[in-house]
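> One structure, as structure tokens, below. Some questions next.
The values are calculated or read from the model by the stated rules, or taken from the named source; none is laboratory data. In this text, all values refer to a predicted model and were calculated from it rather than measured experimentally. Here Cβ is always computed from backbone atoms with ideal geometry, including for glycine, and neighbour counts include all displayed protein chains. The accessibility values were calculated without ligands, DNA or RNA, using every heavy atom of the protein model including side chains. Shrake-Rupley method; radii C 1.70, N 1.55, O 1.52, S 1.80 Å.
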Amino acid sequence: MSTPMTPGIAKARLPTETLAENFDDLHAAFAPHEAAVAADRCYFCHDAPCVTACPTDIDIPLFIRQISTGTPEAAAKTIFDQNILGGMCARVCPTEDLCEQACVREMAEGKPVEIGRLQRHATDTLMAKQSHPYERAPETGKKVAVVGAGPAGLACAHRLAMHGHEVTVYDAEAKAGGLNEFGIAAYKSTDDFAAREVDWLMGIGGITIKTGMRLGDDLKMDDLVGCFPAVFLAVGLGGVNALRNDGEDKEGVRDAVAFIKELRQASDLAALPVGRDVVVIGGGMTAVDVAVQSKLLGAQNVTIAYRRGRDRMSASGYEQDLAASKGVRLMFNAQLVAIHGNGAVREIELEYTADDGSGLKGTGETIRLAADQVFKAIGQTLTTDGDLELEGSKIAVTGAGRTSLAGVWAGGDCASGGDDLTVTAVAEGRDAAMDIHATLMEGA
């Protein structure tokens with residue numbers, strides 16, 4: 001077995017039992033008594049600010065009151081009415097920036113009601129019963145295509161099926177789930193939860209998922225529009241932005257998203273190689289996820305290099321603190337200049353930056369860090385747009401996801417206007433489904 005000190009990129013830097021402990025659930029689930037105590041802290045506010053802060057408009061005071069009265073299944077139904085992927089959102093949603101930040105307890109005491117963990121307690125309780133809480137309406141005879149089986153696509157498909165439509169979901173990957181399955185840190189969603197949630201969601205009936213079908217390759221927009229009266233695109237962002245620096249093509253430079261995907265699907269974490277000296281370029285949630293997981297795999301030195309200041313980092317303060325607590329070095333105002341090495345990465349060169357009010361500029365002062373593995377985490381790009389009108393680099397939408405082509409809607413990360421959060425994608429998929437339903441039923 002190698003160790004954290006082993007040079008280069010190596011497997012099995014830590015014992016199997018240590019890896020299992022490192023990648024255990026980040027937040028333990030509440031026991032029933034703990035949930036009751038946590039629920040009792042809620043003031044059950046009228047016009048609660050936490051509800052306003054929730055992109056899916058869950059009635060948070062109501063579901064917490066239902067937990068406090070001993071009916072977590074009813075609480076779960078309150079959650080699922082608005083957010084059918086409430087179980088995953090309870091695990092990955094940045095509650096510290098949304099509902100919990102808006103909590104009156106947070107403003108008064110600096111310690112909010114633990115809304116995310118309470119939501120998980122409720123949804124896990126109902127899902128453990130292996131029953132689906134919804135029944136389909138009578139079949140309408142209408143068929144809808146959903147392209148993409150991530151959060152937006154699944155939420156749209158479920159809501160459409162619930163209204164009696166027949167839905168076919170196409171996805172490019174071999175498994176459904178999108179970023180919930182492939183793109184988040186393994187310690188945020190353990191015990192194969194993403195796949196189990198998809199199976200549970202499919203209990204509504206009326207949904208068929210076809211994997212290995214990519215828009216633009218296996219699916220053509222003209223064919224979809226010709227076969228289905230409504231199409232919802234939830235294709236996400238399949239490409240990764242290039243660094244555009246010297247040395248990007250050297251061995252040891254990887255896409256952070258691809259590495260996280262490989263880690264999420266690994267049956268043996270000890271078989272996954274990681275560098276001794278890891279540098280992550282970027283400042284978002286993906287950068288934090290790949291940095292923390294590199295450290296948990298046994299990398300000795302892990303650095304996140306971000307070209308702007310801490311206050312501009314899109315990863316939340318909580319995520320930044322989590323990274324620091326795991327031993328990740330956060331380096332701000334440092335932009336990549338070049339990646340050095342004879343074929344493989346050995347060092348990266350960074351330049352300090354400053355913003356004098358006229359924009360970010362290099363100061364001319366540089367620093368070199370040892371690196372045998374560099375991860376690119378500087379954002380993703382749309383790879384398939386179906387020849388639709390774009391707004392910036394995403395599919396342009398108006399209202400509840402209507403695109404420039406009649407009969408085609410879009411939502412999630414591929415569509416304009418969102419903030420690239422699971423919970424926002426769910427809301428967009430749900431709302432598009434209701435608009436599609438209303439359109440299909442006009443004159444019916």
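> Take the stretch 241-266 and flag every residue that is within 16 Å of E173 (Cβ to Cβ) and among the aliphatic types (A, V, I, L, M).
Those that are within 16 Å of E173 (Cβ to Cβ) and among the aliphatic types (A, V, I, L, M): V257, A258, I260, L263, A266.
> Follow-up. Could you list, in sequence order, the residues of the stretch 114-148 that are modelled with pLDDT of 95 or more, in a loop (DSSP other than H, G, I, E, B), charged (D, E, K, R) and out of contact with any Lys or Arg (no Cβ under 9 Å at 6 or more places or on another chain)?
E135, R136, E139, K142, listed by residue number.
> Can you tell me which residue within the stretch 77-91, out of those that are touching a His at 6+ places or on another chain (Cβ under 9 Å) and in a helix (DSSP H, G or I), is surrounded by the most Cβ atoms within 10 Å (Cβ to Cβ)? Write out each step before concluding.
First, pick out the residues of the stretch 77-91 that are touching a His at 6+ places or on another chain (Cβ under 9 Å): 84-85, 90-91.
Those left that are additionally in a helix (DSSP H, G or I): 90-91.
Numbers: A90: 24, R91: 27.
This residue is R91.
> Search the stretch 49-63 for residues being outside any helix (DSSP H, G or I) and in contact (Cβ under 8 Å) with a residue 24 or more places away in the chain, and hand back the single one that is most open to solvent (accessible area, probe 1.4 Å).
Among them, the one singled out is D57.
> Okay, moving on. Over 23 Å from V408 (Cα atoms) and in contact with a Pro (Cβ under 6 Å, 6 or more places away or on another chain): which single residue out of A108, A128, A102 fits that description?
Working: A108 fails: in contact with a Pro (Cβ under 6 Å, 6 or more places away or on another chain); A128 fails: in contact with a Pro (Cβ under 6 Å, 6 or more places away or on another chain).
From the options A108, A128, A102, the qualifying one is A102.
> Let me ask another. Tell me, which strands (runs of 3 or more DSSP E) lie completely within the stretch 152-246 with 1 or more residues that are over 30 Å from K326 (Cβ atoms), open to solvent by 20 Å² or more (accessible area, probe 1.4 Å) and in contact (Cβ under 8 Å) with a residue 40 or more places away in the chain?
Values: elements: 166-171, 207-211, 230-233.
Counting at least 1 such residues, we get 166-171, 207-211.
> Still on this structure: Scan the stretch 408-444 residue by residue and report those that are touching a strand residue (DSSP E or B) at 6+ places or on another chain (Cβ under 8 Å), of a type in the set (A, V, I, L, M) and either assigned to a strand (DSSP E or B) or farther than 26 Å from G226 by Cβ (or both).
Selection gives V408, A410, A415.
> In the stretch 57-104, what residues are among the charged types (D, E, K, R) and farther than 20 Å from P133 by Cα?
R91, E96, D97, E100
> When the stretch 113-140 is examined, which residues are found to be over 16 Å from G203 (Cα atoms), open to solvent by 50 Å² or more (accessible area, probe 1.4 Å) and small (G, A, S)?
Of everything in the stretch 113-140, nothing turns out to be over 16 Å from G203 (Cα atoms), open to solvent by 50 Å² or more (accessible area, probe 1.4 Å) and small (G, A, S).
> Still on this model: State all residues of the stretch 386-407 that are open to solvent by 50 Å² or more (accessible area, probe 1.4 Å) and part of a loop (DSSP other than H, G, I, E, B); if no residue qualifies, say none.
Once the filter is applied, which keeps residues that are open to solvent by 50 Å² or more (accessible area, probe 1.4 Å) and part of a loop (DSSP other than H, G, I, E, B), the stretch 386-407 yields D387, E389, G392, S393, G399, S404, L405, A406.
> Which residues, taken from the stretch 1-26, are open to solvent by 50 Å² or more (accessible area, probe 1.4 Å), more than 17 Å from V302 (Cα to Cα) and touching an Asp or Glu at 6+ places or on another chain (Cβ under 9 Å)?
Hit for the stretch 1-26 is T16, nothing else.
> Filter the stretch 247-267 for residues that are open to solvent by 60 Å² or more (accessible area, probe 1.4 Å) and touching a residue at least 12 places away in the same chain (Cβ under 8 Å); which is nearest to the chain's Cα centre (by Cα)?
Once the filter is applied, the top-ranked residue is K261.
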